[in-house]
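The block underneath contains the structure these notes are about, expressed in structure tokens.
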Amino acid sequence: MKQLLHARWIIAWTVLWTGAGTAFCAPLPTSTPVDSATLASPSEGVFGFMGGITHSSYLFGDLWGLRPWLNHYGISLSIQETSEVLGNATGGLQQGADYEGLTTGDLQLDTGGAFGLPGGTLNVSGLFIHGTNLSAQNLDDLQTASGIEADDGVRVWEVWYDQKFYDSYGTSPVDIKIGQESLDQEFMISTNALYFVNTMFGWPMVPSADLPGGGPAYPLSALGARLQWKPANALKILAGVFNGSPAPTSGDDPQQADEYGLSFPLNGGLLAIAELQFTYPALGDLAVSSTPLSGTYRLGFWYDSENFADERYDDEGLSLANPTSDGNPQLHPGDYSVYGVVDQKLWISKKDTNRSLSFFARAMWAPEDRNLIDFSANAGFVLKDPFAYRTDDILGIGMGYAHVSSAVAGLAADTALYNPGTFSPQPSGETMIEATYQLFVFPWFTLQPDAQYVFNPGGGIANPDAPGQLLGDELVLGIRGTIVF
């Protein structure tokens, strides 16, 4: 099955690359885009969508009349395929390339259009994950190479209901969401960082390494409720409570513990999270509406009530590496983290207001005694419209850093002390840089060449195939394609 998938996408990319080259060399059409429903109405037949394939927002237009029919009943359908080939050219566990793919389906019901209940949205989404996992098989790094890497399978992702409450001015200062949610869709987000391929530009390193099961983020989610409140145009407060773990058991692989996303566990303690957002200029703020250099700033905190094992000491205060230790780590009641995120536009061209340069940064801290990673950070620049006539292309350069806690490093030192002659390196930190380019081919199709370089993979861990040596620095090269159906 995997071989068939590989062959299918190699053929598709060969054909589409030809179109990409033509699109990159020629100016984009300047005529007014035609509505996708006009381009692909049922009367045009099975191949009617081909006439407007360069303008439609979807590969299959209105799906031969299905989209407008669903919209009539307040239902919207979104299907997206992300496929990529990434390869490790140097360092790591081994060299080689892998195919990875993700198909996402999302169905939303607007209760206003369906039942006359304004402000309500019912959402159901699912994932089809296919391909292999380069980071696990070739890299063994902390900051995994791709945000779509996960175990193969078909699973339910998010199932929630969101209700907006309107005031007398017709705005919605309050809305409540309840159900199975993935926190990486709303919390800890840097909008500019999302253009990158590496996982940690999406869901950060600290919760990925420290929360049970990596936290309720792709491809996992957790039951809970989220409140959003806008006390002023410039301010937004997000707060939520969720099950402490997205997996029903504490096994080695949380994805396998809930293979289809249908367990809906409620036995994992409590995860509470809150985030304050400030946006400048504020929406509707006439006094600063002429100021183009907008920015969004986020400050947040999360707390998980479960017990967390100490990374170095047992329940008697002895090092876990000590031969006399009972091997039962000291337990800490709860875990927590604070974080900040900045998205700031730095420059806008006076000749072409679509051309802009933005900066982003995100930093997170967690206590060192109970966590593998006690600090992580991302930062970078995003240039939109980098070349003439390429108004939808995006060029990005970013970096990521993950610091291994002193408790983990201390345990490695203890291991070396109690086992003379063994190679037990003390991990410190891992740094990653990424350069990426999103090439707009059609409104429904983008190609994204990508390059990443990882310094000190794993924070400085032993190479299992080279005794006495650390894993070598890694160069990861690849290309991603995204199609909206």
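Quick note: the coordinates plus some simple rules give every number you see, no bench work behind them. Every value quoted in this text rests on a predicted model; they were computed, and no experiment measured them. When we count neighbours, we look across all protein chains shown, and the Cβ atoms used for this are built from the backbone with ideal geometry, even at glycine.
For the stretch 356-412, what class follows from the C-alpha gyration tensor (a ≥ b ≥ c being the square roots of its eigenvalues): rounded when a/c is under 1.5, otherwise prolate if a/b is larger than b/c, else oblate?
Values: a/c = 6.45, a/b = 4.08, b/c = 1.58.
It is prolate, given that a/c is not under 1.5 and a/b is the larger ratio.
Taking the chain as the reference, fit the longest principal axis to its C-alpha atoms, fit the long axis of helix 406-418 to the helix C-alpha atoms, and give the angle between the two in degrees, 0 to 90, nearest 10.
Between the helix axis and the principal axis of the chain, the angle is about 40 degrees.
Assign unit charges at the C-beta atoms only (+1 for Lys and Arg, -1 for Asp and Glu), then state the dipole size of the chain relative to its Cα centre in Debye, rounded to the nearest 20. Intermediate results must be reported in sequence, preceding the final value.
Values: 20 positive and 52 negative charges, 407 e Å.
In total the dipole reaches around 1960 debye.
Can you give the FRET efficiency to the nearest 0.05 for T353 and A466, using r as the Cβ-Cβ distance and R₀ = 51 Å?
E between T353 and A466, to the nearest 0.05, is 0.45.
If you line up the long axis of helix 2-25 against the longest principal axis of the chain, both from Cα atoms, how many degrees apart are they, to the nearest 10?
Tilt of helix 2-25: around 60 degrees.
How far is it, in nm, from the label point at D152 to the one at L117 when both lie 7 Å from their Cα along the line to the Cβ?
4.1
Which lysines, if any, have their Cα less than 23 Å from the Cα of K177, not counting same-chain residues under 8 positions apart?
Answer for K177, where 23 Å is the Cα cut-off: K164, K230, K236, listed by chain and number.
Label points 7 Å out from Cα along the Cβ direction at A232 and Y260: separation in nm?
Modelled inter-label distance: 5.0 nm.
Along the charge dipole of the stretch 124-218, which of N192, S172, Y218 sits closest to the positive end, that is, farthest toward it, with unit charges on the beta carbon of Lys, Arg, Asp and Glu (+1, +1, -1, -1)?
S172
As I understand it, the dipole of the stretch 353-399 uses +1 on the Cβ of Lys and Arg and -1 on the Cβ of Asp and Glu, about the Cα centre. Which of F381, W365, T391 lies farthest toward its positive end?
The residue sitting farthest along the positive end of the dipole is T391.
For Y161 and A309, what does the FRET efficiency come to when R0 = 35 Å and r is the distance between their Cβ atoms, rounded to the nearest 0.05?
Numbers: r = 36 Å, r/R0 = 1.03.
Approximately 0.45, to the nearest 0.05.
If you wrap a convex hull around the alpha carbons of the stretch 54-182, what volume per residue comes out, as a whole number of Å³?
Details: hull volume 22.0 nm³, N = 129.
Convex hull volume per residue, Cα atoms: 171 Å³.
How much FRET efficiency would the formula 1/(1 + (r/R0)^6) give for L417 and N328, where r is the Cβ-Cβ distance and R0 is 22 Å, rounded to 0.05? Walk me through the numbers before you get to the answer.
Numbers: r = 20 Å, r/R0 = 0.93.
My answer for the efficiency is 0.60.
Using Cβ counts within 10 Å as a stand-in for footprinting exposure, how do H72, H403 rank, fewest first? Show your work: numbers first, answer last.
Numbers: H72 10, H403 22.
Going from sparsest to densest Cβ surroundings: H72, H403.
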